[in-house]
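The structure appears right after this line, and notes come after that.
The values are calculated or read from the model by the stated rules, or taken from the named source; none is laboratory data. What you see is a predicted model, and the numbers here were worked out from it, not measured in a lab. Here Cβ is always computed from backbone atoms with ideal geometry, including for glycine, and neighbour counts include all displayed protein chains. Side chains are part of the model used for accessible areas, which takes the heavy atoms of the whole protein and leaves out ligands, DNA and RNA. Shrake-Rupley method; radii C 1.70, N 1.55, O 1.52, S 1.80 Å.
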Amino acid sequence: MSTRQLVRESRPSKAGVGRGTAAGPGLPGAEAAATTTPSAPAEPADEPPTALEQREPSGPAEQPSAGPEPAPPPVAPLELGPVRPVGLTPVPAVPAKPTWAPAVPAPVSAPAPAVAFEPLFRQAPALNWVGPDDRWSRAWGVQAAVEAPAALEPVGAAEAGAAEPPGAEDLVLVRACLAAVAPDADRAMAHFHALVFLRHPELRAMFPAAMDEQRTRLFQALRLCASRAGDPEELRAYLGPLGRRHRKYGALTRHYASAADCLVAALARYGGSGWDGRTEAAWRRLLALVSRLMVEGAEEEARSAPPWWQAEVVEHRQATRDVAVLTLRPDQAYPFRAGQWAAVETPWWPRVWRPYSFGSAPRPDGLLTLHVKAVQAGWVSNALVHRARPGDVLRLGAAEGAMTVDHAAGEDLLCVGGGTGIGPVAALVEEVAERGAAGRRVEVFYGARRAAELYRLEELRELASRHSWLTVRPVVSEAAGAPAGALLGDLPDAVARYAPWHGFAAYLSGPAAMVRAGAAVLRRCGVPEGSVRHDLAARD
């Protein structure tokens, strides 16, 4: 088969486009740069965090999404046993006779640490839904302390320092090459993925079924790396977290070298007449640096955390027709702060991760809460809202996001949550209540289109009745049935009516359009840009 045929056949049809998981250059998904001040990810439409990671909106008001989700590709998901159609009588989440046997952990010399919820996994063999070759399945929970560092195959110090870093001349050549490739970027990235899957077919399982979004994100990541390579610390700050996220896809050290070879071959094909030995050498030096920084980030996290957590759904409450509140029990301690989010994978859409904000502060019982809105054509959101039931098991990536409160600063807080974006906002309020307001004021604006969508209003009002420092103002677009004291109009406009907001730290969570409009309004109302926090940059 010719290379041209290979590229053409490797590209999914437009009808099957879906947001892919963001990852680093050359591996599953590519992440775009985060430039905005973070805040909790509202409920995403199927899509990943940062430009390199795949996810789906979660968090404030209607999940912040970049637009309607494409329809799922015409490829049947992995067979996991009985599936509950929406609206029909549910059937057990775990089949009596699993389609395949669960992954069996390899023997280890050191004793395995105790796992609190081991019975859950014995009773639910389908938890290892990636199949018997999934080296990062339940084996992690049992052998984390022993197996993780070795399985990551870290690069030795001598080997890591052997590659010469790219110089100023190298970066000029790399950027010129990217400019030449840009008009055919989609074809070039499709050719790269085709080479990866042809030469290393075992890597195909790390990628989602639909690859269109992956190609766009990968090229964005390459341009970003080329622009930041002149500042090693800035590049490290971008690639370290990216390497940590790659762990949940099963990325190992050797995969980066394989991807780099295929990427150089693809760039050589589409780099035009300017491609020569010097350009290839420049790219290899840059990619060696990129790989090393991502591996270092992954190694650092592997010392203390698994690539993902398994979390059982213990409660599924339908808050509105399109919004569900899920309570999860992770299989081991899950560290996070109020205002953060996590990427979520379901057994119905393997390798498709979406970001969702936590809807409550850390709890003594270790349970987690997610607020999810089903978005049109959203693969993961619809599965979580309409299909998930108690007993089902999800996968969670590590907590991320900087929309957290600095309790030492003591600033007054302005919290704006639209739709499911009220989840992380309520979590922030809970955390302040637990740690003590210390004389600060907390103003909450809770917006929705209709009164029936303000599903957490009574809970917040009850909290306000017990704490004088907390004020809650509901905002609705439609006057019919508006609750007592509700403001009418758009949420950002309602916030502006109470300006100025000098001396406040602002937290925004909700649909992307609302968050962007709200951030602009707040800056005009006296809130410095550095005091406006949201996580749109990490999600888009």
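Sticking to Cα atoms, compute the Rg of region 380-509 to one decimal and its Dmax as the biggest Cα-Cα distance, whole number, in Å.
Taking only Cα atoms of region 380-509, I get Rg and Dmax of 16.1, 48 Å.
Please give the per residue accessible area of region 226-265, computed with a probe of 1.4 Å over protein heavy atoms only, in Å².
In whole numbers, region 226-265 has 33 Å² accessible per residue.
Report the full-extension gain for the segment residue 169 to residue 314: residue separation times 0.36 nm, less the Cα-Cα distance, to one decimal in nm.
Here the answer is 46.5 nm.
Using DSSP to call loops (not H, G, I, E or B), can you name the GluC sites (Glu not before Pro) in region 434-526 whose Cβ has at most 14 other Cβ atoms within 10 angstrom?
478
If R₀ is 25 angstrom, what is the calculated FRET efficiency for the pair residue 257 and residue 300, using the beta carbon separation as r and rounding to 0.05?
The pair residue 257/residue 300 has a calculated efficiency of 0.80.
Kindly provide log₁₀ I(q)/I(0) values, in the same order as q = 0.19 Å⁻¹, from the Debye equation applied to equal alpha-carbon scatterers of region 169-242.
-0.92
Count the net charge of all other residues whose Cβ sits under 11 Å from the Cβ of residue 439, scoring Lys and Arg as +1 and Asp and Glu as -1.
So the surrounding residues net to 0.
Please give the contour-minus-distance gain from residue 407 to residue 200: 0.36 nm per residue of separation, less the Cα-Cα distance, rounded to one decimal in nm.
69.6 nm
Taking the convex hull of the alpha carbon atoms in region 288-347, what volume per residue do you get, in Å³?
147 Å³
May I ask for log10 I(q)/I(0) of region 414-479 at q = 0.19, 0.20, 0.29 Å⁻¹, from a Debye sum over the Cα atoms as equal point scatterers with solvent left out?
-0.66, -0.72, -1.37
Full extension from residue 497 to residue 478: what is 0.36 nm times the residue separation minus their Cα-Cα distance, to one decimal in nm?
Full-extension gain reported as 5.0 nm.
Between residue 471 and residue 435, what is the label-point separation in nm under the 7 Å Cα-to-beta-carbon projection?
So the two model labels end up 2.3 nm from each other.
Just grab the label-to-label distance for residue 276 and residue 237, each label 7 Å out from Cα along the Cβ direction, in nm (one decimal).
3.7 nm
Enumerate by residue number the trypsin sites (Lys or Arg not before Pro) in region 177-284 meeting two conditions: DSSP loop (anything except H, G, I, E, B), and at most 12 other Cβ atoms within 10 Å of the site's Cβ.
none
How large is the charge dipole for region 329-432, taken about the Cα centre, if only the Cβ atoms of Lys, Arg (+1) and Asp, Glu (-1) carry charge, to the nearest 20 debye?
The calculation lands at about 600 debye.
Counting pairs of Cα atoms in region 278-420, how many percent are more than 27 Å apart?
So the pairs more than 27 Å apart make up 34 percent of the total in region 278-420.
With 10 Å bins from zero, work out the P(r) of region 345-451 over every alpha carbon pair and list the percent per bin.
Histogramming region 345-451 at 10 Å steps yields 12, 39, 32, 14, 2 percent.
Keeping all protein chains in the complex and leaving out DNA, RNA and ligands, what accessible area do you get for residue 273 with a 1.4 Å probe, in Å² to the nearest 10?
Spelled out: residue 273, probe radius 1.4 Å, area about 130 Å².
Check which residues have an amide H placed less than 5 Å from residue 449's amide H, if you skip close sequence neighbours.
477
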